[in-house]
Every structure is written in C-alpha cells, then in structure tokens.
Amino acid sequence: MRILGVTASGFTPPGDYELIQTYVLGSAQSSVTFSSLGDYSSTYKHLQIRATARVAGASTGATLTFRLNGDTGSNYSSHEITGNGSSVTSYGEANTTRGFFGVSPGSSSTANAFGSMVFDLLDPFSTTKNKTTRTFPTKR
C-alpha cells in the first residue's frame, strides 16, 4: 500500500501527489494500521491510499473495510453506483461500523489475480468537518 499526500487545495491534477509512505506486507494480515498520519497535517491537504491486494483465506474474495481514528461506532455510510455499458446498478448502506475500501480476490480466484483500489481522504485534518472519503475499488 502506498500513502500519498497533496498540498494543493481545490482541483488536483494526478501528478501533484507525493509519495509519503509505502507498506509491503510479507504475509497475510487481518488488519493494517496507518498511524501518525497527523504528522502530515501541516504539509498536506488531502491523503490518498493506493493498494493492490489478494485475500489469502476467502475462497472467492472479500470486501475490505476501514475505520478512521479507531471509530467503531455506527458512523459510516457508503454509496455506490456501477455500470457495465448496458446497465447501471446502485447500492447504499448507512449507520454501519466500517466504511467500504475495496474488494480483493480470494484463494479460488484466478491465480495471481489481485484487486486494486484508490482511497482518498479529503481534508482529513479538519476539525470542523465530517470526514469524507472516496474510493475507486475493484468491483464489489
């Protein structure tokens, strides 16, 4: 996983991200914790996590989720819209204990197939705004 930061406010061209940290897992993990991100609060406006993952134990795959600042309350909502060129579907849920991060293939998926996701934390250091995230995941 890579954590990137952006200093600009408003529209941010793709090349304006700066690599802050890289995590490479050497074995299966039940969770990954990014700590001390507040250290970047004076330098960066937004943060982005880019990940490539494959679930070791799930036969077909698993939904990856997140929590911000250890918040385990029912404070997360997700909205999704997908299309395949001929139809559109939508999905939503509210008041859940985790947010949606992405989907990863599992052990019975095609060999060496990985899911990819981009996760934006918009204005994460603001103390006057609700936390807003945006994901571009592999299909759920």
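The values are calculated or read from the model by the stated rules, or taken from the named source; none is laboratory data. Since the model is a prediction, treat every value here as computed from it, not as a measurement. Cβ atoms come from the backbone with ideal geometry, glycine included; neighbour counts cover every protein chain shown.
Quick look at the values:
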item	result
Residues satisfying the stated conditions in region 31-64, i.e. more than 27 Å from A113 (Cα to Cα) and either among the aromatic types (F, W, Y) or free of Cβ contacts under 8 Å to residues at least 40 places away in the same chain (or both)	S35, S36, D39, Y40, S42, T43, Y44
Filter result (assigned to a strand (DSSP E or B), closer than 19 Å to M117 by Cα and of a type in the set (S, T, N, Q)) within region 65-107	T65, S77, S78, T82, S90, S104
Total residues in region 73-111, condition of a type outside the set (V, I, T), closer than 26 Å to S30 by Cα and either free of Cβ contacts under 8 Å to residues at least 40 places away in the same chain or crowded, with 17+ Cβ neighbours inside 10 Å (or both)	21
Positions within region 108-140 being in a strand (DSSP E or B) and of a type in the set (S, T, N, Q), in sequence order	S116, T132, T133, T135
Where G115 falls short, out of the listed (1) surrounded by fewer than 16 Cβ atoms within 10 Å (Cβ to Cβ); (2) over 22 Å from D39 (Cβ atoms)	(1)
Output for region 121-140, where each listed residue is in contact (Cβ under 8 Å) with a residue 60 or more places away in the chain and surrounded by fewer than 11 Cβ atoms within 10 Å (Cβ to Cβ)	none
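Residue-by-condition table, conditions (1) modelled with pLDDT of 85 or more; (2) of a type outside the set (F, W, Y); (3) under 22 Å from P105 (Cα atoms):
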| residue | (1), (2), (3) |
| --- | --- |
| G38 | no, yes, no |
| S41 | yes, yes, no |
| H46 | yes, yes, no |
| T52 | yes, yes, yes |
| A56 | no, yes, yes |
| T60 | no, yes, yes |
| T65 | yes, yes, yes |
| L68 | yes, yes, no |
| N75 | yes, yes, no |
